[in-house]
1. State the extension gain, in nm to one decimal, for the chain segment bounded by T346 and A28, taking 0.36 nm per residue of separation less the distance between their alpha-carbons.
2. How many nm is it between the label spots at S247 and H228, if each spot is 7 Å from the Cα in line with the beta carbon?
3. Where nothing but the Cβ of Lys and Arg (+1) and of Asp and Glu (-1) is charged, how large is the charge dipole of the chain around its Cα centre, in debye to the nearest 20?
4. Taking the Cβ-Cβ separation of R475 and K361 as r and a Förster radius of 25 Å, what is the calculated FRET efficiency to the nearest 0.05?
5. Place the peptides 126-134, 413-421 in order of packing, highest mean first, counting for every residue the other Cβ atoms within 10 Å and averaging per peptide.
6. Using a Debye calculation, one point per C-alpha and no hydration shell, please list log10 I(q)/I(0) for the chain at q = 0.08 Å⁻¹ in order.
7. Around G23, with a cut-off of 12 angstrom between Cβ atoms, what is the net charge of the other residues, counting Lys and Arg +1 and Asp and Glu -1?
8. In µm²/s, what is D for the range 322-499 at 20 °C and 1.002 mPa s, where D = kT/(6 pi eta Rh) by Stokes-Einstein and Rh is the Kirkwood radius from Cα pairs?
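Rule-based calculations on the coordinates, nothing more; no lab input. As the structure is a prediction and not an experimental result, all values here were calculated from the model. So basically every Cβ, Gly included, is an ideal-geometry build from the backbone, and we count neighbours across all protein chains shown.
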Amino acid sequence: MTEQKTITTTALSRLQALAQGNGLAPEAIKLVESKEATYTLTGVLNMTPHIEVRTNAYNGRSKLKGVQVLSTFAALNEEITKAQQAFEKEDSWAKEAVAELKKTKGYGWGQSDSLLTWSDKKTTLVATENCPTCNGTAQHPCPDCQGIGFTTCPHCEGRGQELCYLCGGNGQDPANPAKPCPTCNGTRYAPCRHCNQTGRLLCPPCQGKGFIPCESCQGAGVITREAHITKGARLSFSLSATSGLPSGLLRAVSRLGEANLPKGHADIALVPEDPEKPQKKTTLLLEAKIPYADIKIVINGKGAIIACAGKMGRLLGIPAFLDSALKEPRRELARAAHGAIPLKVTTRAMQDALKLALEGKTNPNALRRLYPVGLSGDVAKEIMDHMELALRAQTRKLRLILAAFCLMASGGVFALFFFSPLLTPLSIKTATLIKAALPVLVVGADWFVLSQAARWALKRKFPTLPLAATQSIGRTGYATLGLVFALYVVLFLAVTFLRF
């Protein structure tokens, strides 16, 4: 028969697993004494009726089916008020809330000022009224033509005739001034070409209809309001007296968060009602059974008192024992970061840091997620910073060579554009655009070359590890990009000065 695994043995196994491969033998972490028990926390969940109303308005009629439709907005508001008052007076909501809580994990434990709702307590009301602007007609008289549909022709001012466009209104034939104009026959006026002699033009806004869609309702004629009513219960949880419970357990509960206990940390149950002490229908008693252990251990000869709480074994008070266990690997990593020795990883934590850095995840929190206990935040930052510098040192020589090449190549490209006739056949606008885009394109190309060169060098050294699509170009790379841009500015100013 196998011995049941306790949170103490789980905690010890986790610490030994962290030590494995990190400069500390698992046997160096030993259990001295453990006081483990399952404690019961009690809490009170109070429920109060709550109704939430969400309204929205839009033009046109509602397309919802199976909803209550009211004739006016006033009737809608009255119905909402009745629903609120009726829900607060009825007693059935409490039973329904309890039934809904029994479907949830934790029965509402730790839920403070949260809303509990259920599907059959959602109601939608709809009311539709005529638009007050157009009174339901969906349109109003066109302001341009005043409802007529036509406007006076501005070319002939409503006369239907305009000055003759052939003779300019002098009545004489332009080709033979002694004869009358063949178009107006000497009358100086010709039929208006714009209104076809009518003196009127079709009104552009209403296209001759005399009316335009109402702006208030966008031509719908009616405005609809929807009210979505959600009935439920407002929950308020509070812990009962905690006297007699270990202080370490209370600190663990505070760190975990009361609302998180049902998420695998504790077993939550409803406390049956005592017939002799009936409680309110709106009050529930809950209890949480949570394992907790005060543990004395020895880590590499040094004693420590730690705690383990919850079914998932949340560790508390763990000393940063990996800081000292990784002291020598950290020293070697620091030397590699300064280029004194080649980068060499010998411990699991350093290998993890290397993988993260190669993937571009240089934030110390990425390493802390792998080592949530046993490794201090300062040391995690130190390792990631030095690992990033060490990787740059591995590619520094190649980056220096390529930096010099990029600087010379960029200068050659700039000289080709400034001192050759390549831009001469182009227009001034096109040449200006090319000159403006040139430094951006060249600097971008240089960055890509330096980044991919660093990636290639790292891939050769670490062929089995995944790498980010781009790698850091370091100070050398950024300095090169700055010099390339400065070279462009110098050449641009020099060419501009020589031209003038």
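1. Details: separation 318, 0.36 × 318 = 114.48 nm, distance 1.91 nm.
In short, 112.6 nm is gained.
2. For S247 paired with H228, the spin-label model returns 5.0 nm.
3. Result for the chain is approximately 1820 debye, rounded to the nearest 20.
4. Details: r = 21 Å, r/R0 = 0.84.
Between R475 and K361 the formula returns 0.75.
5. Going by the mean number of other Cβ atoms within 10 Å, highest first, we get 126-134, 413-421.
6. -0.93
7. Numbers: positive: K327, R330, R331, R348; negative: D323, E328, E332.
Computed value for this residue: +1.
8. Values: Rh = 18.6 Å.
The calculation lands on 115 µm²/s.
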